1. From R227, R236, grab the single residue that is in contact with a Pro (Cβ under 9 Å, 6 or more places away or on another chain) and either part of a helix (DSSP H, G or I) or at pLDDT 95 or above (or both).
2. Any idea how many residues of region 176-219 are touching a strand residue (DSSP E or B) at 6+ places or on another chain (Cβ under 9 Å) and over 30 Å from D310 (Cα atoms)?
3. Answer yes or no: is there a residue in region 196-203 that is in contact (Cβ under 8 Å) with a residue 12 or more places away in the chain and crowded, with 19+ Cβ neighbours inside 10 Å.
4. Can you name every one of the strands (runs of 3 or more DSSP E) wholly within region 121-184 that holds 2 or more residues which are under 20 Å from the mean Cα position of the chain (by Cα) and within 30 Å of T58 (Cα to Cα)?
5. Of the residues S282, S248, which single one is loosely packed, with under 15 Cβ neighbours inside 10 Å and either modelled with pLDDT of 95 or more or assigned to a loop (DSSP other than H, G, I, E, B) (or both)?
6. Considering only residues of region 204-232 that are within 29 Å of L337 (Cα to Cα) and hydrophobic (A, V, I, L, M, F, W, C), which is surrounded by the fewest Cβ atoms within 10 Å (Cβ to Cβ)?
7. May I ask you to list pairs of residues, at least six apart or on different chains, whose Cβ atoms are under 6 Å apart, with the first in region 61-78 being among the basic types (K, R) and the second being in a loop (DSSP other than H, G, I, E, B)?
Amino acid sequence: MRTTLSCHARMHVLSLCIFALPAFAQQDIARLSLPEAPVPQQEKAAGAASISGTISDTGGAIVPQAQVSLVRRSGGPLQTKRSDAYGQFSFTEVPAGTYFVTVEATGFAPFKTQEFTITAQEFYVVPEISLAVAGMNTNVIVRPTDEIAAEQIKAEEKQRVVGIFPNYYVSYVPDAAPLTSKQKFSLAAHDTFDWTAFVGTSLGAGLEQAVNRPSGYGQGAEGYGKRWGSLFADGRSSDLLSHYVFASLLHQDPRYFYQGTGTTKSRLYHAVSSAFVARSDSGKTMPNYSYLLGDICAGALSNAYYPSSDRGAGLVFTNAAIGIAGRAAQAVFQEFLGKRLTKNVPKLSSSGSTDPNASSRLGTGATTKP
């Protein structure tokens, strides 16, 4: 049985088909369109090369954590990495071209390789990279020797045995800077007019008064005053003549230079001989003329104020002998006991000099910087 649609119904069906067709067409097209296939990793790296190498020092030890840069010949760094715990590094996906490698590591001089050219897919190994220790820049500061000597004198003038008695004429700096004439006078004046000199003279005059020596001075306050004056004059004239006048004229260093090392015999010889052998301002050894002449001249001057019964050549040479023996005994004390009992002794530095002013006789000080 055939069904005949009216004209109106046919028009309605036709319109539905017309409006539904785009939707069906879009679904069909969507089903027919395939997603873009992913590009294989091998294709991305196609044509790329790799570079590797190892970093060590000149002794063959590996250098980890060094900064390694791959630099184009025509431009700046392409890649920068750190060497691993084995001193190794590598750069991947490197385009073909011409490059060089730079290396920087703490404590080592910068390093740059020769230029090299790599081709596509090449595995290039950088020739051995050996880093040298960074050079040291030494700045030498030249200082006048009198400035160095002035600083050393300041340190010496703080030295006191048991914190009381001046110990200015002992140098614990083996290569101390030589003193100028002015500095020799300054040191002699500080030492001989120290307050302890007045106390020592007062005690010495009391002892001489007790034993009535020299007898020509008599007793009582007048005798004590004469003894005090003669002892004070003896000490000041001897100190100034030997430590300043003759030390300056003969270019001799009046200080005792502490040895502190070696056998007991060698130290004892060094101490005793210092009364007869001295160091010149140029650092050479010489007879201790300043002490000998200073004691003789001081003894000669004492003839001007000693009692007439005690004057004469005997007084001169007796005082000289006493002075030389006293200095030898004092040097022995300084060598074996003085340092232990002296306050404010400069401490030795690692270089064997003392602080402050660890400098040479040439008057130069050097500072080293990496």
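The values are calculated or read from the model by the stated rules, or taken from the named source; none is laboratory data. No experiment lies behind these values; they were computed from the predicted model shown. When we count neighbours, we look across all protein chains shown, and the Cβ atoms used for this are built from the backbone with ideal geometry, even at glycine.
1. Answer to the check: R227.
2. Total satisfying the criteria: 5.
3. yes
4. Fully inside region 121-184 and qualifying: 137-142.
5. S282
6. Checking each candidate, the answer is L207.
7. Matching pairs, first to second residue: R73/E115.
The rows are residues; the columns are (1) over 29 Å from G260 (Cβ atoms); (2) of a type in the set (A, V, I, L, M, F, W, C); (3) not assigned by TED's automatic domain parsing to the domain that holds S238.
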| position | (1), (2), (3) |
| --- | --- |
| V170 | no, yes, no |
| V173 | no, yes, no |
| A188 | no, yes, no |
| S202 | yes, no, no |
| G206 | yes, no, no |
| V211 | yes, yes, no |
| P214 | yes, no, no |
| G218 | yes, no, no |
| A221 | yes, yes, no |
